[in-house]
Amino acid sequence: MYKLAANIVKMFLAVNGSKAKVYGLENVPKDGGFVIACTHNGYVDILNLGVSIHPREIHFMAKKQLFEIKGLGWLIERLNAFPVDRDNPGPSVIKVPRQLIKEGKIVGIFPSGTRSAESNDLKQGAITIAQLSKSQIVPAAYIGPKDIGGVLKRKKGYLIYGKPFTVGGGKEARDEATHFLEQEFQRLLVELEQKK
């Protein structure tokens, strides 16, 4: 179902002129499992991220409340999303993505690009998953339409991938990598603004 949905989304975004212009695609590993951490401002960024590296599939981490919405939960589960309880995170927050990476799959996480307690927890989560799975983490940033309204207004989308990096062992390395990821988000957003 992912392949079919990706092709439909790609065509829909292209027809409306909102399929993101992608930069830095050479930074995305060609094989193996890894984490993509991308800035987040709506749901069109998720669509553009997904189609940008298709036919490779991304397994998106999504808040569990989305799976409780009738119809939506069924759909996103078939599009490789997996639920996370952000209020009461349990072992599955780490266990599921680690297993996916071990199987050579890509895990997509959307920590917000802004500074807040939740976005910092999500950045730390992305870093922890990369650290424990001994995998690379690829930072990415998106500028463009946030929702269907923006797409129908033919707003342009832009997506950029930064260079992958790994996280050393221990809490200090995790904290440093979290800070580095925040800086990368800001740097990539500035670079995208200049390319628009």
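Does A130 qualify as being farther than 18 Å from G108 by Cα, aliphatic (A, V, I, L, M) and either in contact with a Ser or Thr (Cβ under 9 Å, 6 or more places away or on another chain) or assigned to a helix (DSSP H, G or I) (or both)?
Details: farther than 18 Å from G108 by Cα: no; aliphatic (A, V, I, L, M): yes; either in contact with a Ser or Thr (Cβ under 9 Å, 6 or more places away or on another chain) or assigned to a helix (DSSP H, G or I) (or both): yes.
For A130, the condition - farther than 18 Å from G108 by Cα, aliphatic (A, V, I, L, M) and either in contact with a Ser or Thr (Cβ under 9 Å, 6 or more places away or on another chain) or assigned to a helix (DSSP H, G or I) (or both) - is not met.
Residue-by-condition table, conditions (1) of a type in the set (D, E); (2) modelled with pLDDT of 95 or more; (3) within 24 Å of V107 (Cα to Cα); (4) within 19 Å of the chain's Cα centre (by Cα):
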{"position": "A140", "(1), (2), (3), (4)": "no, yes, yes, yes"}
{"position": "Y158", "(1), (2), (3), (4)": "no, yes, yes, yes"}
{"position": "G162", "(1), (2), (3), (4)": "no, yes, yes, yes"}
{"position": "K171", "(1), (2), (3), (4)": "no, no, yes, no"}
{"position": "D175", "(1), (2), (3), (4)": "yes, no, yes, no"}
* Asked: Restricting to region 88-114, what's the tally of residues that are assigned to a helix (DSSP H, G or I), open to solvent by 90 Å² or more (accessible area, probe 1.4 Å) and at pLDDT below 80?
  -> 0
* Those residues that are more than 22 Å from L192 (Cβ to Cβ) and open to solvent by less than 40 Å² (accessible area, probe 1.4 Å), I need them from region 154-167; list them, please. => V167
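Just checking: which of the strands (runs of 3 or more DSSP E) contained wholly in region 20-87 hold 3 or more residues that are touching a Gly at 6+ places or on another chain (Cβ under 9 Å) and open to solvent by 20 Å² or more (accessible area, probe 1.4 Å)? Show your work before the answer.
Details: elements: 21-23, 34-38, 58-63, 82-84.
It comes to 58-63.
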* Asked: When region 133-148 is examined, which residues are found to be open to solvent by less than 30 Å² (accessible area, probe 1.4 Å) and within 12 Å of G42 (Cα to Cα)?
  -> Y142, I143, G144, P145
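Would you check if A130 is surrounded by 22 or more Cβ atoms within 10 Å (Cβ to Cβ), within 16 Å of the chain's Cα centre (by Cα), more than 17 Å from Q183 (Cα to Cα) and modelled with pLDDT of 90 or more? Reasoning before the result, please.
Details: surrounded by 22 or more Cβ atoms within 10 Å (Cβ to Cβ): yes; within 16 Å of the chain's Cα centre (by Cα): yes; more than 17 Å from Q183 (Cα to Cα): yes; modelled with pLDDT of 90 or more: yes.
Yes, satisfied.
The values are calculated or read from the model by the stated rules, or taken from the named source; none is laboratory data. None of these values were measured; they are calculated from a predicted model. Quick reminder, even Gly has a Cβ in these numbers, built from the backbone with ideal geometry, and neighbours come from all protein chains shown. Just the protein is used for accessible areas: all its heavy atoms, side chains included, with ligands, DNA and RNA removed. Shrake-Rupley method; radii C 1.70, N 1.55, O 1.52, S 1.80 Å.
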